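Asker: Have a look at this one before I ask anything.
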Amino acid sequence: MSKTAKYRPTASKEENQFREALKLYDSKQYKKSLKVIDGVLKKNPHHAESLALKGLALYYSDTDKASAESYITRALEKDSTNNVVNHIAGIYYRAVKNYKEAAKWYQAAMDHGSTNKSILRDLSSMQSQIRDFKNLPKSRLGYLEDQPGYRANWTASAVAHQLHGDLANAEKVLGRIEDLIRDKLQESDYFEHSECLLYRNDVIAQMGDYEAALKDLERIEATNMVLDGLSLLEKRADYLMKLNRKKEASLVYRKLLKRNPDNAKYYYQLEDALGVRNSPRVRLALYEKLASFYPKSDPPNFIPLTFLAGEEFKQKAKNYVLGQLRRGVPSTFVNVKPLYKNNSHAATIYSIVSEFFETVHDQPLTYCWTAYFLAQHHYHVGSYSEALKMIELAINHTPTLVELYILKARIYKRMNELDQAASVMNEGLKLDLQDRFINTKTTKYYLRADNVHRAIDTISVFTKNDDSPNGLRDLHLMQSIWFIVESAESYLRKYRKALGEHNDTEAKTNLGFAFKRYVSLTKIFEEFSDDQVDFHHYCMRKGTPRAYLTMIDWADNLFDQPMYNRVLDGLSESVLEAVRHKELFLTDHGHKKLKKEEIRKREELVQYSQSVAEDDDVFGEKALQEIIRDEKLDVLVKQQALLHQQDAVFTQIFNFRVNFQLKKYVLCLQSLNKLLALDKRNPFIGYMVDQLRNHLAESTPDTIKKIVSVGLMKNFNKADTANLLETYFGANNLETALVLARMSETVFQTRLSEIKEKLDPYSRGLVSIVQLSY
Amino acid sequence: MISLDDLTANNLGLINVIAYASYSDQELEEIKESGELAQYAYYNEVPVGLVICKPLQPVSSKSPAGLLIDKLCVLPAYSGKYGLEDSLLEYVENITRKRHLDKIYVVTEDPSQWHKFGFVYEDASQELYRNLNLVKQGQQLLRKALNN
């Protein structure tokens with residue numbers, strides 16, 4: 001924050017004192033700084049700069065973080081055109097991670113005549129963070145003008161142009177600095193230079209002129225300054241393909257294959273370059289040749305299996321599968337699993353392997369891995385008891401292989417014997433306590449069996465536990481998403497089970513835990529997003545614009561990832577369940593009546609279940625009560641804004657569920673229509689129509705009811721219940737069943753029973769648990 | 001193909017599985033603490049056999065009479081074919097020598113399977129073994145003398 005010190009003092013005594021406070025602040029002596037400011041404010045309570053600085057010092061001194069913001073706002077009210085106040089406000093809002101406000105006030109500081117150019121650098125970081133690409137080039141260029149001696153500032157300006165969609169100017173800026181720097185490169189600049197050359201080439205290619213891109217590529221290659229040889233080759237091949245110079249491209253792909261014969265992508269690209277995709281004979285000949293060049297690589301042996309049929313397939317499959325089984329490759333089944341999409345291939349492979357199995361009794365390990373393969377086959381085609389028989393054969397034969405136990409547990413899981421599954425996994429774990437993989441699996445299986453305590457105890461072997469009773473806090477700190485989401489889902493199931501048993505206390509505790517875990521997950525993703533902040537500057541300095549742009553893309557889709565969908569699905573479920581069963585939280589379950597023993601147990605549970613230190617709401621009780629009371633669902637509404645992909649299926653479902661609870665039925669109608677356009681058979685369409693038709697809140701004004709029913713007429717005029725069933729609930733899968741589980745009318749429940757009959761036992765179990773709370 | 005290795009705190013669970021036994025956690029810990037006296041045998045890196053021995057300590061003497069093999073077992077599917085037993089036995093002989101001892105003992109109900117490895121009958125009622133209660137009903141004490 002030392003930049004603030006550059007402000008010139010004016011003559012007045014107040015100003016001098018303010019300067020002193022600023023100096024103290026800059027040297028991190030916040031408390032002393034506060035004392036001086038208080039002196040100024042005593043004489044002149046309207047001194048805006050001091051008010052602002054007081055806010056900042058309060059924030060950093062940890063004395064009174066809560067009232068820090070009020071000083072900032074008061075300072076801005078007094079004098080919102082003072083650039084010192086503006087700058088301080090910018091610093092404050094950046095510190096509290098309100099990047100939009102920070103950008104606004106940094107900008108204001110510049111607009112109101114600050115001569116401190118380094119503000120532009122912070123401003124551009126904030127603009128990048130909030131994706132204000134329209135204004136970004138201005139601040140990047142402003143800073144470049146002030147500090148043209150650093151390549152980082154040129155790179156940053158080019159990136160800004162590109163993000164704003166102005167490729168031509170991006171290219172121009174990169175070209176200019178390249179010319180300026182050409183003769184002055186030191187060895188320490190070589191990496192940056194290489195990256196910038198490649199970046200400029202990317203920009204040229206993105207403009208769509210591949211001829212120019214290829215020419216530029218040849219130019220930079222000739223300079224011998226590009227260190228990333230792989231990129232050079234991949235780009236060259238790509239451009240040649242786009243320019244329809246396929247013969248030349250094929251030569252480059254062959255070079256790439258030589259570098260890495262295990263990358264399946266290159267084989268397919270070579271096929272395309274040679275144009276053999278649709279002539280199976282030539283294609284096969286090509287692969288036979290490639291397999292002889294690269295005998296140790298998998299793709300040239302595997303890929304032909306994806307396009308051969310009949311006797312030829314059988315012969316090749318035999319060589320492929322048996323070769324691996326003989327060598328004792330544990331992943332043989334996983335390797336051929338993609339071929340199982342074709343039923344006749346599956347049958348062929350099965351007959352090859354089961355025949356082979358009869359001949360290997362005298363080779364113990366081959367025998368064992370073959371039995372393992374066959375067990376996986378039976379599992380995959382849904383014959384669980386066959387699978388179990390086979391894996392037991394293998395385990396009795398060689399009981400020391402961990403993989404066998406993992407599969408056995410998996411079979412039990414699919415049979416919905418969840419406790420048994422977890423205990424088998426644990427047997428495997430005991431064979432090798434230092435194997436993290438099996439530890440993780442065992443933990444997960446305990447969670448699936450809703451034995452959260454055993455799960456936490458198991459994984460705590462690998463966590464840093466310090467003075468907590470287990471690794472829960474460490475797992476939160478380490479952002480162990482898989483663990484937290486699995487435990488949240490487990491708590492949600494435990495909640496529903498407790499509800500089914502009319503055990504209100506248990507239900508409430510578990511729903512609260514689920515909610516807490518889901519909230520932690522949203523915070524982890526928020527942290528991911530915040531983690532970008534430093535890189536807007538850092539990547540430019542390090543000269544890694546290509547990696548930077550990859551990061552920007554990643555972050556743009558951060559909240560639309562399947563994992564985050566899963567988090568939001570669970571978060572909304574736990575919140576909406578709390579609202580639907582508000583009696584759990586609003587009636588007092590008589591804490592006073594607790595016996596001593598119960599109090600001790602509860603305290604133990606608090607210690608055991610704390611996800612962060614000194615949490616005053618371990619059970620999520622207060623938070624949920626608040627949500628139920630204020631009825632605004634802020635916790636969910638906030639999430640709606642994060643979903644960038646407005647055209648994603650999940651977004652519509654999530655928005656519908658939240659808005660339906662908020663009685664914003666017109667918005668619900670919009671989500672429904674969007675979903676219909678995206679995925680016209682999605683079971684949620686049936687759910688939404690039913691909700692909007694039959695389950696609007698009683699208090700809904702007639703006008704709204706009218707709008708909704710007219711809205712429904714448009715697409716669903718002829719959709720009666722029978723029609724809904726047929727169109728949206730025709731599939732016999734888990735997804736459909738989970739939607740139906742929320743619909744109480746008898747016809748839907750009848751259809752649900754039908755689907756459940758056809759599901760595997762594990763999926764059926766999951767549906768039954770959801771039904772418990774609806 | 002065959003290799004031997006020490007027991008570690010993390011793989012003690014293998015003992016009961018390979019030996020079809022049910023040692024308690026404490027017993028397993030003691031076996032591990034005996035260090036070189038216990039050993040796993042691996043066939044193509046899969047653990048399939050194990051040997052556990054301890055010094056045979058006569059009541060009347062200060063130094064041990066030799067090493068007593070407590071357990072020597074190989075999973076049935078791997079037993080008697082690949083020389084795993086031989087490797088384990090050779091290992092025991094080596095540590096016996098290392099300790100400047102010259103006899104290996106075993107107590108068994110099935111003496112014939114030990115004869116081929118050079119073990120011979122030993123009278124357990126000798127003064128040397130008094131009060132050790134080595135053999136139970138139906139068992140024999142066998143001994144192999146090592147020539148240095």
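Asker: Tell me the label-point distance for the pair A:Asn342, B:Lys98, using the 7 Å Cα-to-Cβ offset, in nm and rounded to one decimal.
Answerer: According to this spin-label approximation, the distance is 5.7 nm.
Asker: Any idea how far apart A:Gln607 and A:Lys42 come out in nm if each label point goes 7 Å out from Cα toward Cβ?
Answerer: 4.9 nm
Asker: Computed FRET efficiency, Cβ-Cβ of A:Arg327 and A:Met551, R0 45 Å: what is it to the nearest 0.05?
Answerer: 0.65
Asker: Calculate one ³J(HN,Hα) per residue across the range A:347-356 by plugging θ = phi - 60° into the Karplus curve 6.51 cos²θ - 1.76 cosθ + 1.60, and present them in order as whole Hz with x for glycine and proline.
Answerer: 5, 4, 4, 4, 5, 4, 6, 6, 4, 4
Asker: Note down the accessible area of A:Asp111, probe 1.4 Å, to the nearest 10 Å².
Answerer: The accessible area of A:Asp111 comes to roughly 100 Å².
Asker: For A:Val381 paired with A:Ser27, estimate the spin-label separation in nm (one decimal), with each label point 7 Å from Cα along the Cα-to-Cβ line.
Answerer: Placing both labels 7 Å beyond Cα along the Cβ direction yields 8.1 nm.
Asker: Three principal axis extents, largest first, for the C-alpha atoms of the range A:254-400, in Å?
Answerer: Ordered largest first, the range A:254-400 gives principal extents of 51, 29, 22 Å.
Asker: Roughly how crowded by other chains is peptide A:434-443, in terms of the mean Cβ count from those chains within 10 Å of each of its Cβ atoms?
Answerer: 1
Asker: While we're looking at this one, here's another question. Mind running the shape call on the range A:201-338? Use the C-alpha gyration tensor, a ≥ b ≥ c as the square roots of the eigenvalues: rounded below 1.5 for a/c, prolate if a/b tops b/c, oblate otherwise.
Answerer: prolate
Asker: Where does each of A:Val159, A:Val36 land when they are ordered by accessible area, with a 1.4 Å probe and the largest first?
Answerer: Most to least solvent-accessible, the answer reads A:Val36, A:Val159.
Asker: Multiply the residue gap between A:Gln363 and A:Arg254 by 0.36 nm, knock off their C-alpha separation, and tell me the result in nm, one decimal place.
Answerer: Result: 35.3 nm gained on full extension.
Asker: Next question. Provide a whole-number value for the mean count of partner chain Cβ atoms within 10 Å of the Cβ atoms in peptide A:394-401.
Answerer: For this peptide, the per-residue mean of nearby foreign Cβ atoms is 5.
Asker: With no solvent and one point per C-alpha, what does the Debye sum give as log10 I(q)/I(0) for the range B:22-82 at q = 0.13, 0.27 Å⁻¹?
Answerer: So the normalised log intensities are -0.45, -1.14.
Asker: Just to check I understand the Karplus step: with θ = phi - 60° and J = 6.51 cos²θ - 1.76 cosθ + 1.60, what whole-Hz values come out for the range A:205-213, glycine and proline as x?
Answerer: Here the 3J(HN,Hα) series is 4, 5, 6, x, 9, 6, 4, 5, 5 Hz.
Asker: Summarise the partner chain shielding of B:17-26 as one whole number: the mean count of Cβ atoms from other chains within 10 Å of each residue's Cβ.
Answerer: Average neighbour count from other chains, rounded to a whole number: 1.
Asker: Would you list the P(r) distribution for the range A:75-139, with all Cα-Cα distances sorted into 10 Å bins from 0 and each bin expressed as a whole %?
Answerer: Reading the bins upward from 0: 26, 57, 17, 0.
Asker: In 10 Å bins starting at 0, how do the alpha-carbon pair distances of the range A:700-760 split up by percent?
Answerer: Histogramming the range A:700-760 at 10 Å steps yields 20, 39, 29, 11, 1 percent.
Asker: Which sequence of A:Thr370, A:Thr750 reflects their accessible areas, 1.4 Å probe, from the largest down?
Answerer: A:Thr750, A:Thr370
Asker: Heavy atoms only, 1.4 Å probe, whole protein assembly: order A:Ile599, A:Ile88 by accessible area, highest first.
Answerer: From most exposed to least exposed: A:Ile599, A:Ile88.
Asker: Something else about it: Using Stokes-Einstein with the Kirkwood hydrodynamic radius over Cα pairs, what translational diffusion coefficient do you get for the range A:394-528 at 4 °C and a viscosity of 1.567 mPa s, in µm²/s rounded to a whole number?
Answerer: Stokes-Einstein gives a translational diffusion coefficient of 82 µm²/s.
Asker: While we're here: What whole number of Å gives the distance from the Cα centroid of the range A:560-638 to the Cα centroid of the range A:331-377?
Answerer: Centre-to-centre distance over Cα atoms comes out at 48 Å.
Asker: For B:Glu109, what accessible surface area do you get with a 1.4 Å probe? Give it in Å², rounded to 10.
Answerer: 140 Å²
Asker: Is the range A:234-303 rounded, prolate or oblate when judged by the Cα gyration tensor, a ≥ b ≥ c being the square roots of its eigenvalues, rounded requiring a/c under 1.5 and prolate requiring a/b larger than b/c?
Answerer: Taking the square roots of the gyration eigenvalues as a ≥ b ≥ c, the range A:234-303 is oblate.
Asker: So, R0 is 41 Å and r is the distance between the beta-carbons of A:Met563 and A:Val666; what FRET efficiency does that work out to, to 0.05?
Answerer: Efficiency, rounded to the nearest 0.05: 0.85.
Asker: Residue-wise, which Karplus ³J(HN,Hα) couplings in Hz belong to the range A:214-227, taking 6.51 cos²θ - 1.76 cosθ + 1.60, θ = phi - 60°, and x for glycine or proline?
Answerer: Values per residue, Gly and Pro as x: 5, 5, 5, 4, 5, 4, 6, 5, 5, 6, 6, 9, 8, 8 Hz.
Asker: Using helices alone, what [θ] at 222 nm do you get for chain A, with -39,500 (n - 2.57) per DSSP H run of 4 or more residues, divided over all residues and rounded to the nearest 500?
Answerer: Calculated at 222 nm, the ellipticity per residue is -22500 deg cm²/dmol.
Asker: Considering amide H positions built from the backbone, and no H for Pro or chain starts, which residues 5 or more places from B:Lys103, or on another chain, come under 5 Å of its amide H?
Answerer: B:Leu67, B:Leu146
Asker: So, R0 is 51 Å and r is the distance between the beta-carbons of B:Asp6 and A:Ser118; what FRET efficiency does that work out to, to 0.05?
Answerer: Efficiency, from the Cβ-Cβ distance: 0.25.
Asker: Please check which bits of the range A:102-124 a label hung off A:Thr81 would reach, taking the label as a point 7 Å along Cα-to-C-beta and the cut-off as backbone N under 12 Å.
Answerer: Inside the label zone: A:112-113.
Asker: If you don't mind, there's one more thing I want to ask. Based on the alpha-carbon gyration tensor of the range A:624-770, what equivalent-ellipsoid semi-axes (square roots of 5 times the eigenvalues) come out, in whole Å, largest first?
Answerer: So the three semi-axes of the range A:624-770 are 25, 20, 16 Å.
Asker: Give the Cα extents of the range A:522-589 along the principal axes, in whole Å, largest first.
Answerer: The principal-axis extents, from largest down, are 60, 22, 10 Å.
Asker: So, one more: What accessible surface, in Å², does a 1.4 Å probe find on A:Trp482, ignoring ligands, DNA and RNA and rounding to the nearest 10?
Answerer: 80 Å²
Asker: When the gyration tensor of the range B:2-145 is built from Cα positions, what are the square roots of 5 times its three eigenvalues, in whole Å, from largest to smallest?
Answerer: Sorted largest first and rounded, they come to 25, 17, 15 Å.
Asker: In bins 20 Å wide, starting from 0, what share of all Cα pairs of the protein assembly as shown does each bin hold, as a percent?
Answerer: 10, 27, 37, 20, 5, 0
Asker: Checking the cross-link filter: which lysines have an alpha carbon closer than 26 Å to that of A:Lys247, excluding same-chain neighbours under 8 positions apart?
Answerer: Within reach: A:Lys215, A:Lys235, A:Lys255, A:Lys258, A:Lys265, A:Lys289.
Asker: Continuing with this model, one more query. What residues of the range A:507-524 lie in the reach of a label at A:Gln645, counting those whose backbone N is under 12 Å from a point 7 Å from the Cα along Cα→Cβ?
Answerer: none
The values are calculated or read from the model by the stated rules, or taken from the named source; none is laboratory data. Since the structure is predicted, the reported quantities are computational estimates derived from the model, not experimental observations. So basically every Cβ, Gly included, is an ideal-geometry build from the backbone, and we count neighbours across all protein chains shown. Areas reflect the complete protein model, heavy atoms only, side chains present, ligands, DNA and RNA absent. Shrake-Rupley method; radii C 1.70, N 1.55, O 1.52, S 1.80 Å.
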